[in-house]
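Encoded as structure tokens, the structure appears first; notes follow it.
The values are calculated or read from the model by the stated rules, or taken from the named source; none is laboratory data. Bear in mind the structure is a predicted one, so any value in this text is a computation, not a measurement. Glycine gets a Cβ as well: all are built from the backbone with ideal geometry, and neighbour counts include every protein chain shown.
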Amino acid sequence: MGVPERTVLEVYRYLPDEESEPRFQSYEITYRDSWVVLDALDHIKAEIDPTLSFRWSCRMGVCGSCGMSVNGEPKLTCETFIRDYDTETIRVEPLSHFPVIRDLVINMEDFMEKLSTVSPWLIPAEDKPLEAGEYLQTPAQVARYKRFSMCINCMLCYSACPVYGLNSMFTGPAALALAERYNLDSRDNGKKERANVVTAHEGIWECTYVGECTQVCPKDVDPAGAIQMLKLSYALDWAKSLVLPGRGR
Amino acid sequence: MTRELTHPLPRSWWLKRPAYFRFVIRELTSVAVFAYTLLLIWALWSAADAGSFSVFYDFLRSPLSVWSHVVVLVLALYHTGTWIALTPKVMVLWREDEPVDPNLIVGATGMLFVLVSVGVVWLVLG
Amino acid sequence: MSPQPDKTAPLFWLLFAGGGTASAMLLPAMVFVTGVAVPAGWVAEDDLVSLIGNPLTRLVVVGLVFLFLFHWAHRFRYALVDLGFGRLGKQAWLFYGTALAGTILAGLAALRL
């Protein structure tokens, strides 16, 4: 278990019904070696200040609900250990680039909307009747897109992306990575259908490869790489359409 | 309906994280590429007659030119390094059901850079 | 309005990428030649004249000017947007126009000899 130690959590507070401006509130806590930041927030809510609001669900890095900014870095707080911070205080803020509803709770509507715009589902060349059975795939075909399918929609990548921070019209890392996940799927034929959103100005072309989305991703999805692959793939399609205008739409 | 707070990104965002700063430097290496292009255009124009070429040649040997070249060389090498590092992100190769090791692609591109560089210098000096 | 594919972006991105690759591979060596080898006296004036006078060299240099300039135009334009100068960065014609003008200038210079 380890010896209990003390630290101070500086938590971003915004209570829209009572105050017009956000502020930081410090909570001194005693924590154990096994505590993650989310444990400390739970402890504060249960023992010190029940007015504190934050999102969480699975506590095991799968649901993607507990993303927050810890000392300025976007993190899943359920897998961010307090013991790893040697700073005097640990600053916990809501994810950057999203509107704050209350305390550490952000409005994720924009992200949810963007996810659906890239048609993140299989668009087969032709629909088979149910009796025809499954759309089969070899392990090699799965390997092509597997990495990009691991996204848990935690939005850490949006929080790390200055391009999204500057222009919230940008489709953004997770949604574009998901588009590439389906484009790379051997069962899918929706690349052209996704082109309208993906190759719009606010789609892949807005990305300047800062690369931090990939660095902060807790699931190793590599959205920055996915966007580069999309750029090359759609740019080559464009070049091919010049040489062979009859092909495609 | 409660009021939601937005925090617009300050213009100094790129000073907040080392990675952001490195990104901005990477993008600004393009200014060095631009500056060197001006020199190339001047070189082409000056080659028309011996007089104007002497002016160009003397400029290359001036301290201003040498120091500018040092700055451009540092930025050009940074551009080369970052560009090679990103090559496997754009060029994803597959061998059966295994992706080719990105380090292998970086290594091969790096080798190519060395060979090309030696080739260019040899072509001029050799 | 539903989003539409950006019609010009693939062209400018391919030029950016091509110019980025060309400059990544060639620029350090070229800078070494004009910035170190020439001032150090390793390249005689006559040798440099005949090198630049060579039609093949001139063709290659014009091609490099074209690629380098379009690489700069694209990257610098987006850097301005990222640095908060979006209004300027969105004037695409200004940057790609400069790149085109520079290429024409280099082409004319190459033909003059």
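Would region B:49-72 turn up any residue that is free of Cβ contacts under 8 Å to residues at least 12 places away in the same chain, more than 9 Å from chain C (Cβ to nearest Cβ) and within 13 Å of the chain's Cα centre (by Cα)? Checked region B:49-72: no residue is free of Cβ contacts under 8 Å to residues at least 12 places away in the same chain, more than 9 Å from chain C (Cβ to nearest Cβ) and within 13 Å of the chain's Cα centre (by Cα). Of all residues in region A:196-208, at least one satisfies being surrounded by fewer than 23 Cβ atoms within 10 Å (Cβ to Cβ), within 14 Å of chain C (Cβ to nearest Cβ) and small (G, A, S). When the helices (runs of 4 or more DSSP H) confined to region A:182-249 are screened for residues that are under 18 Å from the mean Cα position of the chain (by Cα), those reaching at least 3 such residues are found at A:212-216, A:223-243. Is at least one residue of region B:13-25 closer than 30 Å to C:V49 by Cα, buried (at least 19 other Cβ atoms within 10 Å of the Cβ) and out of contact with any His (no Cβ under 6 Å at 6 or more places or on another chain)? Within region B:13-25, none of the residues are closer than 30 Å to C:V49 by Cα, buried (at least 19 other Cβ atoms within 10 Å of the Cβ) and out of contact with any His (no Cβ under 6 Å at 6 or more places or on another chain). Selection of region A:14-40 for residues being within 14 Å of another protein chain (Cβ to nearest Cβ) and of a type in the set (D, E) yields A:D17, A:E18, A:E19, A:E21. The selection criterion, being more than 25 Å from B:T6 (Cα to Cα), touching a helix residue (DSSP H, G or I) at 6+ places or on another chain (Cβ under 8 Å) and modelled with pLDDT of 95 or more, does not hold for A:A46.
Does at least one position in region A:12-35 carry a residue that is in contact with a helix residue (DSSP H, G or I) (Cβ under 8 Å, 6 or more places away or on another chain) and closer than 22 Å to A:M108 by Cα? No. Do any residues in region B:105-126 that are farther than 18 Å from C:G35 by Cα have Cβ atoms under 6 Å from those of residues that are part of a helix (DSSP H, G or I) and among the basic types (K, R), where the two are at least six apart or on different chains, and which pairs are they? Between residues of region B:105-126 that are farther than 18 Å from C:G35 by Cα and residues that are part of a helix (DSSP H, G or I) and among the basic types (K, R), there is no close pair.
Please go through region A:18-31 and give me each residue that is surrounded by 14 or more Cβ atoms within 10 Å (Cβ to Cβ) and over 26 Å from the mean Cα position of the chain (by Cα), ordered by number. If the condition is that a residue be surrounded by 14 or more Cβ atoms within 10 Å (Cβ to Cβ) and over 26 Å from the mean Cα position of the chain (by Cα), then A:Q25, A:Y27, A:I29, A:Y31 are the ones that fit. Within region B:34-86, if we keep just the residues that are modelled with pLDDT under 95 and not in a helix (DSSP H, G or I), the residue that is nearest to B:F23 (Cα to Cα) turns out to be B:A47. For region A:138-175, give me each residue that is among the hydroxyl-bearing types (S, T, Y) and either closer than 25 Å to B:F21 by Cβ or within 11 Å of chain B (Cβ to nearest Cβ) (or both). Answer for region A:138-175, where residues must be among the hydroxyl-bearing types (S, T, Y) and either closer than 25 Å to B:F21 by Cβ or within 11 Å of chain B (Cβ to nearest Cβ) (or both): A:T138, A:Y158, A:S159, A:Y164, A:S168. Flag: C:R112 does not match the condition of being closer than 30 Å to A:A239 by Cα and within 7 Å of chain B (Cβ to nearest Cβ).
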